[in-house]
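Shown next, in structure tokens, is the structure this report addresses.
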């Protein structure tokens with residue numbers, strides 16, 4: 001029996017190292033998340049910092065979320081109408097727009113907008129605190145840095161992302177109304193009555209479950225990448241913060257899409 005060649009063995013070894021490294025990283029992220037949740041549930045509760053992060057993550061994201069929601073609903077109304085009219089079913093446009101936004105597009109696009117506007121800034125902020133030794137100073141003063149930096153942000157995210165998703169949903173449905181009713185001439189009563197008949201509470205709750213999951217993923221990944229920027233192998237200082245911010249955005253977006261598929265497969 002022919003023994004495997006050295007190149008093949010090296011390739012298998014490389015794959016094994018990648019897999020082991022991935023599992024180790026996943027374990028570190030999970031431990032980081034558990035610590036953050038545990039600290040957020042035990043006193044002292046940092047109410048003032050939570051409110052500050054709610055303002056930064058939530059309030060300052062309302063405009064971009066509203067703008068994206070409006071045009072997403074308008075595009076869905078336009079595309080949905082010209083698809084449904086081929087089947088003489090344009091009367092269900094309201095339900096089609098509402099279900100598409102509430103179940104899928106609302107949570108996903110809201111999460112991606114929060115990643116781009118707030119998540120990247122959080123990673124850069126914590127990363128700069130790490131390389132400028134501010135986190136080390138917190139530890140020197142016997143201040144738990146995970147409790148101080150991560151716990152208030154994850155609480156704020158769990159509050160803000162579902163609320164931003166609800167804003168996106170409502171404005172997206174209004175955008176579909178503007179296109180379908182005011183532009184294309186669908187009866188207003190039909191638009192809302194079909195929506196009322198076909199959209200139930202389960203669809204709304206499924207969207208909120210996704211928003212909660214995405215809020216956890218976004219803040220955990222972004223804070224983790226910034227907090228451990230000093231352990232990166234691709235550079236320290238400004239280059240490390242830059243790479244960590246890029247990785248945080250890319251990984252968070254990928255995990256949002258993967259999590260959306262996994263959660264949808266369980267909720268359907």
- Query: So which residue, out of 119, 36, 21, gets the largest mean-square fluctuation from a GNM of the chain using Cα contacts under 10 Å as springs?
  - Reply: 21
- Query: In nm, to one decimal, how far is the residue 188 label point from the residue 62 one, both placed 7 Å along Cα→Cβ?
  - Reply: 2.5 nm
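Quick one: pull the percentage of alpha-carbon pairs in the range 181-240 with a separation above 19 Å.
Details: 1109 of 1770 pairs.
Roughly 63 percent, rounded to a whole number.
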- Shape metrics for the range 95-187, restricted to C-alpha atoms - Rg then Dmax, Å: 19.8, 67
- Task: Calculate, for residue 19 and residue 47, the FRET efficiency according to 1/(1 + (r/R0)^6) with r their C-beta to C-beta distance and R0 41 Å; round to the nearest 0.05.
- Result: 0.45
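For the chain, what is the convex hull volume of the alpha-carbon atoms per residue, in Å³? Please report the intermediate quantities before stating the final value.
Numbers: hull volume 51.6 nm³, N = 268.
That works out to 193 Å³ per residue.
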- Message: Tell me whether the range 169-216 comes out rounded, prolate or oblate; compute the Cα gyration tensor, take square roots of the eigenvalues as a ≥ b ≥ c, and use a/c under 1.5 as the rounded threshold.
- Response: oblate
- Message: What is the angle, in °, between the Cα long axis of helix 62-84 and the longest principal axis of the Cα atoms in the chain? Nearest 10 is fine, range 0 to 90.
- Response: 50 degrees
- Item | Ranked packing of 212-222, 56-66, 91-101, most packed first, by mean Cβ within 10 Å | 212-222, 91-101, 56-66
- Distance in nm between label sites at residue 12 and residue 55, each 7 Å beyond Cα in the beta-carbon direction? 5.9 nm
- Query: So, in nm, how far is label residue 266 from label residue 158 when the simple model puts each one 7 Å beyond its Cα toward the Cβ?
  - Reply: 1.6 nm
- Query: What does the helix-only formula give at 222 nm for the chain: each DSSP H stretch with n ≥ 4 adding -39500 (n - 2.57), the total divided by the residues, and the result rounded to the nearest 500 deg cm²/dmol?
  - Reply: -25500 deg cm²/dmol
- Query: Which residues in the range 140-183 place their backbone N less than 17 Å from a point set 7 Å from the Cα of residue 203 along the Cα-to-Cβ direction?
  - Reply: 166-178, 180-181
- Task: Kindly express, to the nearest 10 degrees and within the range 0 to 90, the angle between helix 6-40's C-alpha long axis and the longest C-alpha principal axis of the chain.
- Result: 80 degrees
- What residue among 234, 136, 206 has the largest mean-square fluctuation in a Gaussian network model of the chain, using Cα springs under 10 Å? 234
- Task: Mind jotting down the distance between the C-alpha centroids of the range 187-261 and the range 1-75, whole Å?
- Result: 9 Å
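If packing is taken as the mean number of other Cβ atoms within 10 Å per residue, what is the order of 22-31, 75-84, highest first? Don't jump to the answer; show the numbers that get you there.
On the way: 22-31: 11.4, 75-84: 18.3.
Highest-to-lowest ranking by the protection proxy: 75-84, 22-31.
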- Most mobile of 141, 74, 113 per a Gaussian network model of the chain (Cα springs, under 10 Å)? 141
- Note on the structure: Longest principal axis of the chain (C-alpha) makes with the long axis of helix 120-131 (C-alpha) an angle, in degrees to the nearest 10, of 10 degrees
- Query: Roughly how many whole Å is it from the C-alpha centroid of the range 85-102 to that of the range 130-182?
  - Reply: 32 Å
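Can you pull a Stokes-Einstein diffusion coefficient for the range 1-119 at 4 °C (1.567 mPa s), Rh from Kirkwood over Cα pairs, as a whole number of µm²/s? Let's see the in-between values first.
Working: Rh = 19.5 Å.
Diffusion coefficient, whole number: 66 µm²/s.
Every number here is computed from the coordinates shown, using simple stated rules; none is lab data. Just so you know, these numbers come straight off a predicted model, no measurement behind them. Glycine gets a Cβ as well: all are built from the backbone with ideal geometry, and neighbour counts include every protein chain shown.
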